[in-house]
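First the structure, in the form of structure tokens, and then the observations on it.
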Amino acid sequence: MNKEIVVSGIRSTGKLHLGNYYGAVKNFVQMQNDFNCFFFIADLHSLTTHPTPGDLHGHVKHVLVEYLAAGIDPENTTIYVQSDVPEVAELYLYLNMNAYMGELERSTSFKDKVRANPDNVNAGLLTYPVLMAADILMHKAIKVPVGKDQEQHLEMARTFGNRFNRLYNADYFPEPYAFSFTENLVKVPGLDGKGKMGKSEGESNAVYLSDSPEVIRKKVSRAVTDGGPTSEFQEKPEAIQNLFDLMKIVSTPDTLEHFNDLYNKMAIRYGDFKKQLAEDMILATAPIRDRIQEISADDAYLRQVAKHGALKARESAQKTIREVRELIGIKSF
Ligand code: TYM
């Protein structure tokens, strides 16, 4: 039976945090038996922020190790490093020819990055969604497990694929859609009281899979709260709602309900609430944390996984590139 094709990746900007895990990696692990999965480490995407050569390689290793520690099985799944598949850069070039400035400039994540780093508005940043579309279309993926923040990029991948099909009058690329086993795409909030968990939002905003229990306790204890509810059944301000959303992800429904009741009765003590949240985060990440150390020490195994994955990914990519060249009319004499 032909399994549906799934592609997803994570930028190699460092260690994985709970946002990466609950938004993406947890779905990867759940999908690997029923789908034909390609999960990669997006090291080319991370070049937009100019990492040093040493940092770049170290970060690729972090993501590879953490994929494996989270339970992705390289026998079942194609795990690879994006730059090991040079065909991606070629497809990116072709897709760039029919990606328009206006639509790229309107992308929310581009606008956010421009606002955050006005001194580094490079062309790679502008065409970031095109590179992402190349990753996805390369293997003709249908499902792309990602967090909420990637939804617009998926829409752009569909646009570029459809435009290619129209231009070359071929029913070639299928339409990829964002996927999650949860009802909606996931958005994991950060600890700073505003918005999502992310690396660029500052070290203390994110809880990493490799953080020790002591570090997790410390980070959660410093999470932003307020003076407490001032009336019963009051709507929660963003910072408090974020902590409840985190609890919903890592704790049992009973625990969540317990603290929700206390909040509604104006009897909540944020100290106890945060202690419970930290312990549940520690528990949820314990099996992964334990394996990170072990796998990280085994360079021979990591080399073998990356090599095997690159071979499988290139086989699929080379087929696509052959067909795409043919459709475009690139032929050798
Ligand atoms: P990146 O590296 O920013 O994030 C990797 C994955 O983690 C998810 N994620 C979150 N989900 C929920 N809540 C959060 N706070 C949170 N933070 C991160 C992201 O949604 C993503 O699924 N452009 C991608 C990498 C990429 C890619 C691709 C993904 C490159 N090519 C092709 C899918 C398909 C990115 O920057 O993700």
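Numbers below:
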{"quantity": "Rg/Rg_globular for region 208-282, with Rg_globular taken as 2.2 N^0.38 Å and Rg from C-alpha atoms", "calculated": "1.07"}
{"quantity": "Electrostatic dipole magnitude of region 1-152 [Cβ: Lys, Arg +1; Asp, Glu -1; Cα centre; debye, to 20]", "calculated": "340 debye"}
{"quantity": "Size of region 9-102 as Cα extents on the principal axes (Å, biggest first)", "calculated": "38, 32, 25"}
{"quantity": "Fewest-first ranking of R115, R291, using other Cβ atoms within 10 Å as the exposure measure", "calculated": "R115, R291"}
{"quantity": "Karplus-derived HN-Hα couplings along region 50-64 (A = 6.51, B = -1.76, C = 1.60, θ = phi - 60°), whole Hz, x at Gly and Pro", "calculated": "6, x, 6, x, x, 4, 4, 5, x, 6, 4, 4, 3, 5, 4"}
{"quantity": "Amide H partners (placed H, <5 Å) of E4, local residues excluded", "calculated": "N36"}
{"quantity": "3J(HN,Hα) from dihedral phi, region 79-88, Karplus parametrisation 6.51/-1.76/1.60, rounded to Hz, x for glycine, proline", "calculated": "9, 8, 9, 3, 6, 6, 10, x, 4, 4"}
{"quantity": "Sparsely packed trypsin sites (Lys or Arg not before Pro) within region 303-333, loop by DSSP, other Cβ within 10 Å at most 11", "calculated": "K331"}
{"quantity": "With at most 10 other Cβ atoms within 10 Å, longest stretch of the chain clear of loop GluC sites (Glu not before Pro) (DSSP)", "calculated": "76-182"}
{"quantity": "Amide H contacts of G193 (H built 1.01 Å from N, under 5 Å, at least 5 apart or other chain)", "calculated": "V224"}
{"quantity": "Around S107: net Lys/Arg minus Asp/Glu count, Cβ-Cβ under 12 Å", "calculated": "-3"}
{"quantity": "Aspartates and glutamates with Cα under 17 Å of K196, excluding same-chain neighbours fewer than 8 positions away", "calculated": "D112, D149, E151, E238, D245"}
{"quantity": "For F173, residues with placed amide H under 5 Å, excluding near neighbours", "calculated": "N165"}
{"quantity": "Environment charge of N260, counting only residues whose C-beta is closer than 12 Å and scoring Lys/Arg +1, Asp/Glu -1", "calculated": "-1"}
{"quantity": "Nearest-ten-degree value, helix 253-264 long axis tilted from longest Cα axis of the chain", "calculated": "50 degrees"}
{"quantity": "Space enclosed by the convex hull of the alpha-carbon atoms of the chain, per residue, Å³", "calculated": "158 Å³"}
{"quantity": "Alpha-carbon Debye profile of region 59-101, log10 I(q)/I(0) at 0.20, 0.25, 0.26, 0.34 Å⁻¹", "calculated": "-0.73, -0.85, -0.88, -1.13"}
{"quantity": "Region 21-117: chymotrypsin sites (Phe, Trp or Tyr not before Pro) in DSSP coil with no more than 11 other Cβ atoms inside 10 Å", "calculated": "Y100"}
{"quantity": "The chain - percent relative contact order, Cα under 8 Å, separation 6 or more", "calculated": "22 percent"}
{"quantity": "Lys/Arg +1, Asp/Glu -1 at C-beta; region 213-333 dipole; positive extreme among V305, I321, A278", "calculated": "I321"}
{"quantity": "Extended-chain gain in nm, criterion 0.36 nm per residue less alpha-carbon gap, A170 and T225", "calculated": "14.3 nm"}
{"quantity": "Under 16 Å from K319, Cα to Cα: lysines that are on another chain or at least 8 residues apart", "calculated": "K140, K331"}
{"quantity": "Computed over region 164-222: relative contact order in percent, which uses C-alpha pairs under 8 Å that are six or more apart", "calculated": "18 percent"}
{"quantity": "Cβ-defined net charge surrounding H17, 14 Å radius [Lys, Arg +1; Asp, Glu -1]", "calculated": "+2"}
{"quantity": "Test item: Cα-centred dipole of region 193-333, Lys/Arg +1 and Asp/Glu -1 on Cβ, debye", "calculated": "820 debye"}
{"quantity": "Pairwise centroid distance, computed over Cα atoms, of region 67-142 with region 294-333, Å", "calculated": "16 Å"}
{"quantity": "Greater than 29 Å apart at Cα, pairs in K113/K312; K26/K265; K143/K312; K199/K275", "calculated": "K113/K312; K26/K265"}
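Values quoted throughout were computed directly from the atomic coordinates according to the rules given, and no laboratory measurement underlies them. For clarity, every value in this text was computed on a predicted model and none was experimentally measured. Here the Cβ is made from the backbone with ideal geometry for all residues, glycine too, and neighbour counts use every protein chain on show.
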